[in-house]
1. Taking 7 Å along the Cα-to-C-beta vector as the label spot, tell me the T58-A80 distance in nanometres, rounded to one decimal.
2. Spin-label point model (7 Å from Cα, Cβ direction): what's the E48 to E69 distance in nm?
3. As a footprinting exposure proxy, order C38, C50 by other Cβ within 10 Å, with the fewest listed first.
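Rule-based calculations on the coordinates, nothing more; no lab input. A quick note: this is a predicted structure, and the numbers were derived from the prediction, not measured. All Cβ positions, even for glycine, are placed from backbone atoms using ideal geometry, and neighbour counts span all protein chains on display.
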Amino acid sequence: MGAKLRDMSNTLPQDGRTPDPVCADASQNAFTATDSPCVAVCSTLFDEICRGCGRTATEVSNWVFMTDEEKQVVWQRIRAQGYPRRKG
């Protein structure tokens, strides 16, 4: 029933501290498709859709509470609509 931990023996800090397996596991999952599509070009000035990421104001404010499945649905919709848009 316990969670399986990755072998972290080759990633020990130089000062001899033991890495936190929870943090190490979280860092392995960083930047997945379910992460926020925010591109720091936030604008919902004239409607409820952010001009940077394509999410509704409600989706933006509730993102941290959404399940991975809910986030995937949003990602699919915004990609189909040409978001997220980055300046560059």
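1. Between T58 and A80, the simple spin-label model gives 1.8 nm.
2. Inter-label distance under the simple model: 2.3 nm.
3. Details: C38 14, C50 24.
Neighbour counts put them in this order, fewest first: C38, C50.
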